[in-house]
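Step one of this worksheet: look at the structure below.
The values are calculated or read from the model by the stated rules, or taken from the named source; none is laboratory data. As the structure is a computational prediction, the values presented were derived from the model and not from experiment. Cβ atoms come from the backbone with ideal geometry, glycine included; neighbour counts cover every protein chain shown.
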């Protein structure tokens with residue numbers, strides 16, 4: 001515990017937000033972790049100790065005013081004994097250098113063929129970016145090494161096109177990387193690597209980070225960018241399973257912004273190889289990295305390949321937990337009163353949302369299969385997780401569960417949350433006649449005058 005206390009004392013003030021936000025208008029402020037959330041943070045401190053995080057830094061982020069804060073956040077991770085490998089991109093800097101010299105380049109991001117001019121400029125740019133990162137890490141007291149731990153080979157012909165001087169990973173010097181990590185040193189990996197003959201090749205930094213995460217058996221692959229995370233139809237996607245991501249990449253890749261497509265493809269590859277989680281974060285946001293790591297929901301887009309979270313039927317022993325998390329909402333008349341005994345007697349109708357072993361939300365789903373009706377109730381999300389898409393996912397789960405069981409109409413009775421069901425979940429307002437007979441009787445006897453909302457499945 002003494003070591004833990006020292007680690008927490010070493011955290012910079014901005015790790016926990018005491019109402020302080022970044023003063024620079026170019027830095028986006030976010031709701032940061034509060035001192036009252038320390039109990040939750042401590043869980044992750046022990047969980048991630050001596051684990052490897054591979055962090056990929058976009059060139060556009062390195063050029064951003066918030067980059068100094070990103071380096072400070074990395075220092076916090078190191079103070080908590082999390083082992084960090086840094087991979088950097090050079091896309092923005094390469095494009096700017098080419099423009100300043102009026103030179104044409106084949107591509108700035110290493111995603112297509114690389115000609116001799118592009119490679120020469122990329123080598124020059126990489127050295128400058130490398131130096132900038134090393135200076136920043138040195139200023140905050142972090143040890144780092146720029147090493148030749150990556151051996152490359154030519155990408156060859158892809159889709160009938162010779163990729164010229166573009167490369168892919170041939171071999172990683174894992175013993176070297178592991179020795180550096182064990183020595184509390186950050187390996188700094190550039191997107192320029194040499195082949196077995198010592199010739200330079202241009203690598204895509206997204207792919208390079210993915211390969212490193214896979215071979216080092218990293219716990220997290222983190223892409224820090226100067227772009228928003230994944231959005232679909234203008235809705236931010238907080239969490240995405242590997243299966244959902246693969247379906248998206250196969251069926252609807254055009255809806256993914258170009259600058260995210262490479263990251264998501266490489267994230268999927270890494271997760272298939274066994275890395276538990278990949279994250280895409282907007283590094284322009286103050287404290288984004290720490291909030292993503294130490295918040296169960298996070299602020300970016302996380303792709304998970306393990307049992308990070310699940311919505312599942314409640315267990316009998318969880319009746320008290322459900323009663324406990326809903327009782328404040330009952331007092332505020334957000335939910336119909338159900339005592340612990342009632343919950344125990346109907347536990348088979350309850351479902352819970354679990355994140356990293358903790359119940360953070362619940363719902364009640366009562367079905368009348370003979371009439372193909374079901375009632376959705378007791379939808380409640382703990383305050384810390386409200387506004388983060390948890391409630392919407394719970395309702396979608398209920399819709400899918402009801403549909404699979406032959407239900408054709410799902411209704412919700414609400415006094416205070418009607419806008420959530422109508423505006424967010426697209427339920428429509430109904431009348432008592434739209435209810436199942438048993439529902440209608442209970443509705444009339446309750447005297448709560450709830451709004452009746454339903455969706456046909």
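Within the range 184-198, the set of residues being part of a loop (DSSP other than H, G, I, E, B), more than 28 Å from the chain's Cα centre (by Cα) and either in contact (Cβ under 8 Å) with a residue 40 or more places away in the chain or surrounded by 13 or more Cβ atoms within 10 Å (Cβ to Cβ) (or both) comprises 195, 196. Pairs are defined by a Cβ separation below 6 Å, a sequence spacing of at least 6 or placement on different chains, a first member in the range 315-326 that is assigned by TED's automatic domain parsing to the domain that holds residue 363 and more than 13 Å from residue 364 (Cα to Cα), and a second member that is surrounded by 12 or more Cβ atoms within 10 Å (Cβ to Cβ) and modelled with pLDDT of 90 or more; the pairs so defined are 316/347.
Those helices (runs of 4 or more DSSP H) of the range 200-309 in which 2 or more residues are modelled with pLDDT of 90 or more and more than 13 Å from the chain's Cα centre (by Cα) occupy 205-215, 242-251, 258-272.
Counting only helices (runs of 4 or more DSSP H) that fall entirely inside the range 34-136 and contain at least 1 residues that are more than 26 Å from the chain's Cα centre (by Cα) and crowded, with 20+ Cβ neighbours inside 10 Å, the qualifying elements are 91-100. On the stretch given as the range 413-436, residues that are part of a helix (DSSP H, G or I) and touching a residue at least 24 places away in the same chain (Cβ under 8 Å) total 6. For the condition closer than 29 Å to residue 291 by Cα and in the same structural domain as residue 448 (by TED's automatic domain parsing), residue 379 qualifies.
For the range 177-198, the set of residues classified as under 19 Å from residue 210 (Cβ atoms) and either out of contact with any strand residue (DSSP E or B) (no Cβ under 8 Å at 6 or more places or on another chain) or not assigned by TED's automatic domain parsing to the domain that holds residue 120 (or both) consists of 178 only. Of all residues in the range 137-154, none are surrounded by fewer than 12 Cβ atoms within 10 Å (Cβ to Cβ), in the same structural domain as residue 89 (by TED's automatic domain parsing) and under 18 Å from residue 262 (Cβ atoms).
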